[in-house]
Amino acid sequence: MSADRPPDGGLPSEATLREFVTALHDVATAITQHTTELHDDRRRGDGDRPASVAQRRTALDYRVLGALTGRLAPGGVLVSARRFQDKDRERVELEPLPATAARVAVQAAGEEEPELLGIDRGSGSSGTVTLDRTRGKDIARLEVWNGAGQPIRLGPRLPRLPAQTPVD
Amino acid sequence: MFRNLAQLFAATPGRDRRDVFLVHPIQLSRWLDEAWDSARTVPAFGDPSTLEPFLGAADVVETLNLPRPQVIGGAEVAPSGVVLADPDVFGGQPLRLQASGLAWDHAAYAYLVESTGVFEVLAEVVRRLVTGETLDTLSAGGLRWLRATEELFFRDPPLFSIGGVTSSVRPDDRVNRRNCMWRMFGMDLPHPIPARWARPGSAGEQDWKSDTGSGVNTGFREKWTELLRQVWLGIENARNESGPNATDKEYVAFLCSALKDMMTMRRRGGQLAREEFVYVTTMSWFHLTLETPDTPIVVDLRADATSAADRLAKIAQRVGMQPAARSRELFELADLMSAMLRAIELGAFDTGEKAETLYVPLAGGVNAQLLQDMNRIIDLWQSATGDRVKDRPVGGVAGSLSAQPLRIPAAPPPVPSPPPTVAATNGRG
């Protein structure tokens, strides 16, 4: 934390205040959701450089490869996902979601930008997202993000749902 | 792949990794098609704007898999019926996975495991067990292993299965594997094909080196060793806050990209995907046999030891053979290098920023696994191959003290290939 009281006795800067609020939010999350995972590694105090989003994604991808080949344990990097039709909506259920999961980035095959979706928390550790822009498309990558916008889990590739057979 | 199946058994209450050897070979053989198909759900890797398809072609798995039922819940083509809770029964359904699919190891895994000599040693064990009485009588578990091993790897594969990569146009599995490794890595196995198994009229190494055209990654070893050297330099300087730091992250990324380009060239259009799957599968069976404590055949051969390499050495001794001197390193390196090369191939380290994850410790231990694996790979590669990775450039020649070479390492000059065999002259000389 760099939020020391200013030497002139004045009010803390906006950046310092923002850091305070984020830290308090993490503490509140940790208390209410029984987790010790911080959103921002800069406050861990181990002196190492914080990872960028791209570096986090690289490290996550590497661990996922290790898990898929059976070398590393899948816990902590993978989530299961089930795509299903819910009346006129198309949804994806994910499990197990960590307590720090805030959003899901859904990347359709052939598109450059992922669709960011909020999570409807279900019972236990599951959660559901409702597809909008990616509806009816093959999903190539499914990332679970924490509150700081960092990828923390990866889901499976999900092909589009088969077309509904019309019923006479 | 059989190690993936072992992992699935181990995660099932009341079961363990050795239960793979209790499954009937017909189920194991059919399960391989299901394992191939399950790779359809492996996610794409990389940044959103540069998603890289697994295996070099997004649709190669779909192209070669079995047809799916016409309707949901319809009849499957030859399901394995493997039941994780009971390996001795047939469940009538494919083995469904709840999470992401299975990914198989990189071809480097098969190359390194076969380099230990495990395939030839256990081939000799199987031969002796089925042709005479020079080894001990087997237990029921050992007999199951023998039957499954012979049926899965020492006879023609079942028709129309994903494992069918031998035929009248490429009849020798040993030659086929060497062909794949030669194309992908420009390297041969350290041991020759044993005389007993060489085919009549064999032309030696030309059997797997001819007709490859220019599609051989002859510069792989030089580039890979240079990458390890540069990463070691990065590890040495990772916490260096004073004095010069010779690490060049962009050069590390450049080497990773060069290796990626080299390997993906061999994978264009899904080439070698099926061969890689089959060869990795084959070696994983033999690796699993030795790495798991107290597998029936290891117990029957009285080869109890604390590591796969030591078990291999004991078994080899029983049949008058000797495994590779560095088999301990090779076994350990196989897993680590497989994951690293797969990540490189998928463009995981294509920029300087991402390449730094190979040697710079990042806050919160984000890349701790990567750092640990990379350091271990460097140690093992140096020990296994004798390539000096940790040495610094020395000497008084101008430029020789630079941490990076003048140019990226290139392939050694090509060896002239023999004149091509004329397939048919049609009676015109």
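Go through region B:223-256 and report how many residues are outside any loop (DSSP other than H, G, I, E, B) and either buried (at least 17 other Cβ atoms within 10 Å of the Cβ) or of a type outside the set (Asp, Glu) (or both).
Summing the residues that are outside any loop (DSSP other than H, G, I, E, B) and either buried (at least 17 other Cβ atoms within 10 Å of the Cβ) or of a type outside the set (Asp, Glu) (or both) in region B:223-256 gives 21.
Could you tell me which of the residues B:Ala305, B:Ala355, B:Ala324 is farther than 30 Å from A:Gln55 by Cβ, buried (at least 20 other Cβ atoms within 10 Å of the Cβ) and either more than 22 Å from the chain's Cα centre (by Cα) or more than 14 Å from chain A (Cβ to nearest Cβ) (or both)?
Only one candidate qualifies: B:Ala324.
Would a scan of region B:119-139 turn up a residue that is outside any helix (DSSP H, G or I) and touching a strand residue (DSSP E or B) at 6+ places or on another chain (Cβ under 9 Å)?
no
Residue-by-condition table, conditions (1) closer than 30 Å to B:Val319 by Cα; (2) of a type in the set (D, E, K, R):
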site	(1), (2)
B:Ser214	no, no
B:Lys223	no, yes
B:Asn245	no, no
B:Glu250	no, yes
B:Arg274	no, yes
B:Ser284	yes, no
B:His287	yes, no
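Test A:Thr130 against the criterion of being touching an Asp or Glu at 6+ places or on another chain (Cβ under 6 Å) and of a type in the set (Val, Ile, Thr), and give yes or no.
In short, no.
I need the full set of residues from region B:28-74 which are at pLDDT below 80, under 21 Å from the mean Cα position of the chain (by Cα) and more than 10 Å from every other protein chain (Cβ to nearest Cβ), in order please.
If the condition is that a residue be at pLDDT below 80, under 21 Å from the mean Cα position of the chain (by Cα) and more than 10 Å from every other protein chain (Cβ to nearest Cβ), then B:Leu55, B:Gly56, B:Ala57 are the ones that fit.
Just to be sure I understand the filter: pairs with C-beta atoms under 8 Å, separated by 6 or more residues or on different chains, first member in region A:147-162 and closer than 14 Å to A:Leu116 by Cβ, second member basic (Lys, Arg). Which pairs pass?
Once the first residue is closer than 14 Å to A:Leu116 by Cβ and sits in region A:147-162, its partners that are basic (Lys, Arg) give A:Gly149/A:Arg103; A:Gln150/A:Arg56; A:Pro151/A:Arg56; A:Pro151/A:Arg57.
With respect to the numbered conditions (1) among the polar types (S, T, N, Q); (2) surrounded by fewer than 13 Cβ atoms within 10 Å (Cβ to Cβ); (3) in a loop (DSSP other than H, G, I, E, B), which one is the sole condition not fulfilled by B:Ser161?
Exception for B:Ser161: condition (2).
Quick one: is B:Leu290 buried (at least 17 other Cβ atoms within 10 Å of the Cβ), at pLDDT 95 or above and of a type in the set (A, V, I, L, M, F, W, C)?
Criteria met by B:Leu290.
Got a sec? Which of A:Arg141, A:Arg133 is in the same structural domain as A:Ala101 (by TED's automatic domain parsing), touching a residue at least 12 places away in the same chain (Cβ under 8 Å) and either within 12 Å of A:Ala101 (Cα to Cα) or in a strand (DSSP E or B) (or both)?
Step by step, each of A:Arg141, A:Arg133 is checked, and only A:Arg141 is in the same structural domain as A:Ala101 (by TED's automatic domain parsing), touching a residue at least 12 places away in the same chain (Cβ under 8 Å) and either within 12 Å of A:Ala101 (Cα to Cα) or in a strand (DSSP E or B) (or both).
The values are calculated or read from the model by the stated rules, or taken from the named source; none is laboratory data. No experiment lies behind these values; they were computed from the predicted model shown. Note that we place each Cβ from the backbone using ideal geometry, even for glycine, and neighbour counts take in every protein chain shown.
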